[in-house]
Amino acid sequence: MLKQYRIRNYNFKLVFMVLALATIGIIAIGSAEEALQSKQLAGFAFGVFLMVVISLFDYSVILKLYWLIYLFNLVLLVLVIVMGDNKGVAQRWLELGGVRFQPSEIAKIFLILFFAQFILRHQEKLNTFQYIALSVILFAAPAALVAYQPDLSTTIIICLIFCTIMFVGGISWKIIAGVLAVFIPAAVIMITLILQPDQKIFQDKVSYQGNRIIAFFNKEEYAATLGYQQEYSIMAIGSGQLTGKGYRNNQISSVKNANFIAEQQTDFIFAVIGEEFGFYGACTVVLLLFFISAECFLTARRAKDIAGTIIAAGVGAQLGFQGFINIGVVTYLLPNTGLPLPFLSYGLTSLVSSFIGVGFVLNVGLQCKQK
C-alpha cells in the first residue's frame, strides 16, 4: 500500500495552510473555554499524525474496500440511533470501547471514498437512469440516517458533497438542468409553506430546526428568543472592529466574556475570533478556508483518475461549504444550523475527520499527472 513518492510532489502549501488554520482554532478555543484547549491540542496532534500516514498510502488500494467502507458507515449510523448518546434534542454521539465520537462527521469522508470508487467502476454508465437512481439510493440511506438523529446541518453538507461528486464525476448538464428546474421552484414553495402561521411541516424531532428557519425569516419577532445567539454573535464580531479587543481580554464590554454566546467554543468560534482579532483575524480565517478548498479543487484537476478527482473535489467541497455555512450562520446571513467550522471549532471528531480528508487529498496530489 505504501509507494515511493517524490518529495517535491508533496503539497506543503496545503499542509501549511491547514496547520495554520488549526492553530488559530486552538488559540481561539483557549480563550472561549480554556479547559478544552488541551483536548483540542491532543486532537490536533492525532489528526496531523493520521493526515501524514494516510497521505503516504495509495488511495487506489484503500478504495478497493469501498463496499466495506459503505457498510461500516451504515452500521455506525444505525448504532447511533440504537445506542447513541442523547444530548438535548438530538442523538448524534456514539461510545465504543471507551471512545466517544460523532459518526455523522466521519460519514462525510466515507461517502466521498465510496462514491470515488463506485463512479470509477461505472463511469461509462453514470448518465443512465439505472445508475443515477442507484447512486441516489446509495446516498439516501446514510443521509436519511443522519437526518433522523436529527442533524439537518450535516445532512445539508452531505447533500452538497453528493452534488459535487456527481458533477465532477461527469453527470450530464441536461440532467443537472432538469434537477435544478424541479428543485428551485420546490425550494421556493417549501419556504413559502414554512412561513405560513399554521404550518405543520416541522413537527416532533425536526420542530426545533424548523423554528430556527422560521426565526431567520422573522428576525424582529424572534430576536429575543431563537435569534438572540446570532444577534450577540454579530455584535461580538462588529465590536472587534479592525484589530480586535485582544486575545483573552478582560474588557467588561466583551460579548464573549459576558457569556452571551452559547457554544462559543464550537459552532460560534468565528465570533470569538472576530471580537478578539478583529477584521484582520476574521479575514485571515476566511482566506485560509478559501485557499484550502481551492487547493483541493486544483489537486482534483490534476488527479490521475476520476476517483482521485472525486476525493479531492469532495473534500474541497466539504471544507468550503461547511466553512461558508458556519460563517453565514455566525454573521446572521443564514439560519442557525449548528455546524462546526472546519479545523477551528472544538470537536475532536470533526477535527480529526477533516485532517483525514486532507490526508487523502495529499495522496491524490502525490500521484497527480505530471505537467
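Being open to solvent by less than 20 Å² (accessible area, probe 1.4 Å), under 18 Å from W67 (Cα atoms), part of a helix (DSSP H, G or I) and not basic (K, R) narrows it down to one of I165, I157, I161, so name that one.
On the way: I157 fails: under 18 Å from W67 (Cα atoms); I161 fails: under 18 Å from W67 (Cα atoms).
It is I165.
Quick grid of which residues meet (1) open to solvent by less than 40 Å² (accessible area, probe 1.4 Å); (2) within 22 Å of the chain's Cα centre (by Cα); (3) among the β-branched types (V, I, T); (4) at pLDDT 90 or above:
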residue	(1), (2), (3), (4)
R92	no, yes, no, no
A107	yes, yes, no, yes
L145	yes, yes, no, yes
P150	yes, yes, no, no
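Would you say L79 is in contact (Cβ under 8 Å) with a residue 24 or more places away in the chain, open to solvent by less than 60 Å² (accessible area, probe 1.4 Å), under 15 Å from P142 (Cβ atoms) and part of a helix (DSSP H, G or I)? Write out each step before concluding.
Values: in contact (Cβ under 8 Å) with a residue 24 or more places away in the chain: yes; open to solvent by less than 60 Å² (accessible area, probe 1.4 Å): yes; under 15 Å from P142 (Cβ atoms): yes; part of a helix (DSSP H, G or I): yes.
Yes; evaluated as a whole, the condition is true for this residue.
Are any residues in the stretch 249-271 of a type outside the set (S, T, Y) and over 24 Å from L339 (Cα atoms), and if so, which ones? Can you show your working first?
Step one: list which residues in the stretch 249-271 are of a type outside the set (S, T, Y), which gives 249-252, 255-265, 267-271.
Listed by number, the residues that qualify are N249, N250, Q251, I252.
Six or more apart or on different chains, Cβ under 8 Å: which pairs go from a residue in the stretch 174-189 that's open to solvent by less than 90 Å² (accessible area, probe 1.4 Å) to one that's of a type in the set (F, W, Y) and at pLDDT 80 or above? Could you list them?
Once the first residue is open to solvent by less than 90 Å² (accessible area, probe 1.4 Å) and sits in the stretch 174-189, its partners that are of a type in the set (F, W, Y) and at pLDDT 80 or above give I176/F167.
From G278, G314, which residue is open to solvent by less than 10 Å² (accessible area, probe 1.4 Å), over 12 Å from P342 (Cβ atoms) and either at pLDDT 95 or above or not small (G, A, S) (or both)? It would help to see each step written out before you state the result.
Values: G278 fails: either at pLDDT 95 or above or not small (G, A, S) (or both).
Only one candidate passes the filter, namely G314.
Can you go through S104, S38, S31 and tell me which one is touching a Lys or Arg at 6+ places or on another chain (Cβ under 7 Å), farther than 27 Å from G316 by Cα and not charged (D, E, K, R)? Steps first, answer last, please.
Working: S104 fails: farther than 27 Å from G316 by Cα; S38 fails: touching a Lys or Arg at 6+ places or on another chain (Cβ under 7 Å).
Unique residue meeting the criteria: S31.
The rows are residues; the columns are (1) under 12 Å from Q265 (Cα atoms); (2) among the basic types (K, R); (3) in a loop (DSSP other than H, G, I, E, B).
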site: Q4; (1), (2), (3): no, no, yes
site: A20; (1), (2), (3): no, no, no
site: T23; (1), (2), (3): no, no, no
site: G30; (1), (2), (3): yes, no, no
site: F46; (1), (2), (3): no, no, no
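Given (1) at pLDDT below 90; (2) more than 19 Å from the chain's Cα centre (by Cα), identify the lone condition not met by A45.
Condition not satisfied by A45: (1).
Regarding P335, is this residue open to solvent by less than 10 Å² (accessible area, probe 1.4 Å) and either of a type outside the set (A, V, I, L, M) or in contact with a Gly (Cβ under 8 Å, 6 or more places away or on another chain) (or both)?
Values: open to solvent by less than 10 Å² (accessible area, probe 1.4 Å): no; either of a type outside the set (A, V, I, L, M) or in contact with a Gly (Cβ under 8 Å, 6 or more places away or on another chain) (or both): yes.
The answer is no for P335.
Cβ contacts < 7 Å: first residue without any contact (Cβ under 8 Å) to a residue 24 or more places away in the chain, restricted to the stretch 96-111; second residue open to solvent by 10 Å² or more (accessible area, probe 1.4 Å) and assigned to a strand (DSSP E or B), any location; separation 6+ or different chain. Result?
Matching pairs, first to second residue: R100/W93.
Tell me which residues, restricted to the stretch 103-152, are assigned to a helix (DSSP H, G or I), among the hydroxyl-bearing types (S, T, Y) and closer than 22 Å to T309 by Cα. Let's see the steps before the verdict.
Of the stretch 103-152, the ones assigned to a helix (DSSP H, G or I) are 103-121, 123-125, 129-148, 152.
From the residues that got through so far, the ones that are among the hydroxyl-bearing types (S, T, Y) too are 104, 131, 135, 148.
Correct list: Y131, S135.
Would you confirm, using the coordinates I've provided, whether L138 is among the aliphatic types (A, V, I, L, M) and either over 23 Å from L77 (Cβ atoms) or open to solvent by less than 60 Å² (accessible area, probe 1.4 Å) (or both)? Show your work before the answer.
Values: among the aliphatic types (A, V, I, L, M): yes; either over 23 Å from L77 (Cβ atoms) or open to solvent by less than 60 Å² (accessible area, probe 1.4 Å) (or both): yes.
Taking the combined requirement at face value, the residue satisfies it.
Scan the stretch 2-22 residue by residue and report those that are open to solvent by 50 Å² or more (accessible area, probe 1.4 Å) and more than 18 Å from the chain's Cα centre (by Cα). Outline the logic, then answer.
Here is the first cut: in the stretch 2-22, the residues open to solvent by 50 Å² or more (accessible area, probe 1.4 Å) are 2-8, 12-13, 16, 19.
Listed by number, the residues that qualify are L2, K3, Q4, Y5, R6, I7, R8, F12, K13, F16.
Which one is most open to solvent (accessible area, probe 1.4 Å), of the residues in the stretch 109-135 that are modelled with pLDDT under 90 and in contact with a Gly (Cβ under 7 Å, 6 or more places away or on another chain)?
Q123
Of all residues in the stretch 255-275, which are surrounded by fewer than 22 Cβ atoms within 10 Å (Cβ to Cβ) and not charged (D, E, K, R)?
The initial filter retains those residues of the stretch 255-275 that are surrounded by fewer than 22 Cβ atoms within 10 Å (Cβ to Cβ), namely 257-260, 262-263, 266.
Residues satisfying the conditions are N257, A258, N259, F260, A262, T266.
Out of (1) open to solvent by 10 Å² or more (accessible area, probe 1.4 Å); (2) more than 15 Å from N11 (Cα to Cα), what's the single condition that is false for F360?
It is condition (2) that F360 fails.
What residue, of R100, R92, is part of a strand (DSSP E or B) and in contact with an Asp or Glu (Cβ under 6 Å, 6 or more places away or on another chain)? It would help to see each step written out before you state the result.
Details: R100 fails: in contact with an Asp or Glu (Cβ under 6 Å, 6 or more places away or on another chain).
Testing whether each residue is part of a strand (DSSP E or B) and in contact with an Asp or Glu (Cβ under 6 Å, 6 or more places away or on another chain) leaves just R92.
The values are calculated or read from the model by the stated rules, or taken from the named source; none is laboratory data. Note that this is a predicted model, so its numbers are computed, not measured. Positions of Cβ are generated from backbone atoms using ideal geometry, with glycine treated the same way; all protein chains shown enter the neighbour counts. Each accessible area value is taken on the protein alone, full model and side chains, heavy atoms only, with ligands, DNA and RNA left out. Shrake-Rupley method; radii C 1.70, N 1.55, O 1.52, S 1.80 Å.
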